[in-house]
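This report refers to the structure that appears directly beneath it.
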Amino acid sequence: MNIQERAKAPTPKFFRVLRTIGLSLLAVSGSLLAAPITLPAAVITVAGYVAVAGGVISAVSQVTVAEEIESKNNTKKDQGP
């Protein structure tokens, strides 16, 4: 299963929730980084790390595949041509 098939395959409910949380973290940190006011350096640094964490959480959650789909693909390969 390549990365495109994994991204289009159904995602388990837990990982859909996790993906939403990751995107929310990414949005909040992006708005902090783009704020037109001067913020302390610590806030900017933490917002950068939260943006990276949110992006990674969202990406990993998107390519997680429901186990039923994976087992169906394995049985097709085991049956032969």
Out of all the residues in the range 10-19, which are surrounded by fewer than 16 Cβ atoms within 10 Å (Cβ to Cβ) and closer than 10 Å to GLN62 by Cα?
PRO10, PRO12, ARG16
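Considering only residues that are farther than 21 Å from VAL60 by Cβ and touching a helix residue (DSSP H, G or I) at 6+ places or on another chain (Cβ under 8 Å), which ones fall in the range 21-45? Even if it seems obvious, please write down each step before you answer.
Residues of the range 21-45 that are farther than 21 Å from VAL60 by Cβ, as a first pass: 31-45.
Listed by number, the residues that qualify are LEU32, LEU33, LEU39, VAL43, ILE44.
Could you list, in sequence order, the residues of the range 25-51 that are within 18 Å of the chain's Cα centre (by Cα) and loosely packed, with under 13 Cβ neighbours inside 10 Å? Reasoning before the result, please.
Start the filter on the range 25-51 by keeping residues that are within 18 Å of the chain's Cα centre (by Cα), which leaves 25-30, 47-51.
The answer is ALA27, TYR49.
Each value in this text was obtained by applying a stated rule to the coordinates, not by laboratory testing. It should be emphasised that the depicted structure is a prediction, and the values quoted were computed from it without experimental measurement. Glycine also receives a Cβ, built like all others from the backbone with ideal geometry; neighbour counts cover every protein chain displayed.
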